[in-house]
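**Q** Have a look at this one.
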Amino acid sequence: MSEQPRRPRKPGKPYRRPQKDPVRMLAFEALRAVDERDAYANLVLPPLLRKAREKEGPEKFDARDAALATELVYGTLRRQGTYDAIIADCVDRPLREVDPPVLDVLSLGVHQLLGTRIPSHAAVSASVELARVVLGDGRAKFVNAVLRKVARDDLDGWLERVAPPYDEDPEDHLAVVHSHPRWVVSALWDSLGGGRAGIEELLAADNERPEVTLVARPGRATREELLGEEAAVPGRWSPYAVRLSEGGEPGAVEAVREGRAGVQDEGSQLVALALANAPLDGPDRRWLDGCAGPGGKAALLGALAAERGAFLLASEKQPHRAGLVARALDGNPGPYQVIAADGTRPAWRPGSFDRVLVDVPCTGLGALRRRPEARWRRRPEDLDGFAPLQRGLLRGALEAVRAGGVVAYATCSPHLAETRAVVTDVLKQHPGTELLDARPLLPGVPGLGEGPDVQLWPHVHGTDAMYLALLRRTS
């Protein structure tokens, strides 16, 4: 068989092999893991960055590379709803028909164009080059065409174009402008109690990068020790809190590596402190953390209990999470025990404890700063799944505490269906229980409302939106 003659090459630019950009490749890889495996960025990104720092040669990350990759991933996830609306205006098909990997490259590009100081030409060029590497030349042309349309205006101009007017549809306007699902906007607005300024401030706070907050575990580390670290400043409200300004790395802090301190939001610290300082009638010897995973509150409670000679039982239903609790409590100076048990089917006798904490599973709408992808995964119907568990855990906690003892019901969600509705329903079933005013147990913290329960807010307190209700068994 004779050899076919070669087709002559068309005139034009010679073929150029696409150039890999390690930072944008890593950001793309993280976004694909979030989309394909329902992973969380705060769990996926650290090992990817660690691996990149350990490489040799041109792909080895320095601090600036890591900071840019982190901004690209979190910024893209936080503004996903806004960017989807803009991209939808620039393509000739429904967004659901755009392949997810293509949409990830587009979203990364739009964030560089509208959410960073990267020059437009560099943002488009880098995104098209990424598309050539991960998608191929054909789809790279599509990415190029879309991003050039996006580059014609700035973010304010695009929002004016794609967001409905506030006066016509307030919730949909806020949903597009602040990149939250409409139902989340509505739920948060209800929890705040109305008013445009408050909800705008809260939604904007959800899209800001949160500071890293450390806790100095009493008897094991001091705040003064942590303040000796670079970029460390005191917390706002907790006497054990230290904030790391931008660029601060918890893993570089010796006390954190040794378990004497930990990473813990200040709102979480305040919940544990409020329970520890709540007034009791009678002895103060046995404490229970009934939903202890992954162990942050348990470690602080264990240290506080040790100062009083009290025993802490830390219970967590999932065995692997119980292992995380054991790791967090390792080295605690006082007596404690970690078990894998279900708080709705107690492994202890009724009335066994003086203080009980139940930080119940929830939608996590109070921690959207830290887990921005959660806003897109949650659905209103998820509330129906959590409701029986939340009520069951609070009932179990009230049965576990003795008469005169105190229960703290906490959740990292401000949704009224997960906070006051749960407490009100369970109180009706336990007439021998009273609500305590939690506000005096958070001294110096402003904006705590009318009580007796407490709702913290990112835009007011700089914390996650933690909810706390304190209940005392009277009989």
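The values are calculated or read from the model by the stated rules, or taken from the named source; none is laboratory data. Here the structure is a predicted model, which is why all the values come from computation and not from measurement. No Cβ is skipped: glycine too gets one built from the backbone with ideal geometry, and neighbour counts run over all protein chains shown. Surface accessibility is based on the protein's heavy atoms, side chains included, excluding ligands, DNA and RNA. Shrake-Rupley method; radii C 1.70, N 1.55, O 1.52, S 1.80 Å.
**Q** HN-Hα J couplings of segment 97-102 from phi, Karplus 6.51/-1.76/1.60, θ = phi - 60°, integer Hz, Gly and Pro as x?
**A** 8, 8, 4, x, x, 5
**Q** If I model a spin label at residue 148 and residue 428 as a point 7 Å from the Cα along the Cα→Cβ vector, what separation in nanometres do I get?
**A** 6.3
**Q** Within the chain, what's the longest run with no trypsin sites (Lys or Arg not before Pro) in a DSSP loop and at most 12 other beta-carbon atoms within 10 Å? Give the range, please.
**A** My reading of the result: 153-475 is the longest stretch.
**Q** Just list whichever of 297/428; 55/317; 60/317 have alpha carbons separated by over 31 Å in the model shown.
**A** Over 31 Å apart, Cα to Cα: 55/317; 60/317.
**Q** Then there is this: Match the structure shown to one of the listed values (i) 26.9, 112; (ii) 25.4, 100; (iii) 21.2, 68 of Rg and Dmax of the Cα atoms in Å, computed from it, and give that label.
**A** (ii)
**Q** ³J(HN,Hα) across segment 347-358 via Karplus (A = 6.51, B = -1.76, C = 1.60, θ = phi - 60°), whole Hz, x for Gly/Pro?
**A** Result, rounded to whole Hz: 9, 9, 6, x, x, 7, 10, 8, 9, 9, 10, 10.
**Q** So how far apart, in nm, are the two label points at residue 122 and residue 37 if each is 7 Å from Cα heading toward Cβ?
**A** 3.1
**Q** Once you have a ≥ b ≥ c as the square roots of the Cα gyration tensor eigenvalues for segment 413-475, tell me rounded if a/c is under 1.5, and otherwise prolate or oblate according to whether a/b is larger than b/c. Please list the in-between numbers first.
**A** Values: a/c = 3.30, a/b = 1.60, b/c = 2.06.
Oblate shape, in that a/c is at least 1.5 and b/c is the bigger or equal ratio.
**Q** Would you please give the residues with an amide H less than 5 Å from that of residue 212, counting only those at least 5 places away or on a separate chain, with H modeled from the backbone geometry?
**A** Correct list: 244.
**Q** What list of ³J(HN,Hα) couplings, whole Hz, do you get for segment 395-401 from phi and the Karplus terms 6.51, -1.76, 1.60, once you set θ to phi - 60° and write x for glycine and proline?
**A** For segment 395-401, the Karplus curve yields 4, x, 5, 5, 6, 6, 8 Hz.
**Q** Let me know the shape class of segment 336-475, please: from the alpha-carbon gyration tensor, a ≥ b ≥ c as square roots of the eigenvalues, rounded when a/c is under 1.5, otherwise prolate if a/b is greater than b/c, or oblate.
**A** Oblate is the answer for segment 336-475, as a/c is 1.5 or above yet b/c matches or exceeds a/b.
**Q** Can you give the accessible area of residue 227, probe radius 1.4 Å, in Å² rounded to 10?
**A** 60
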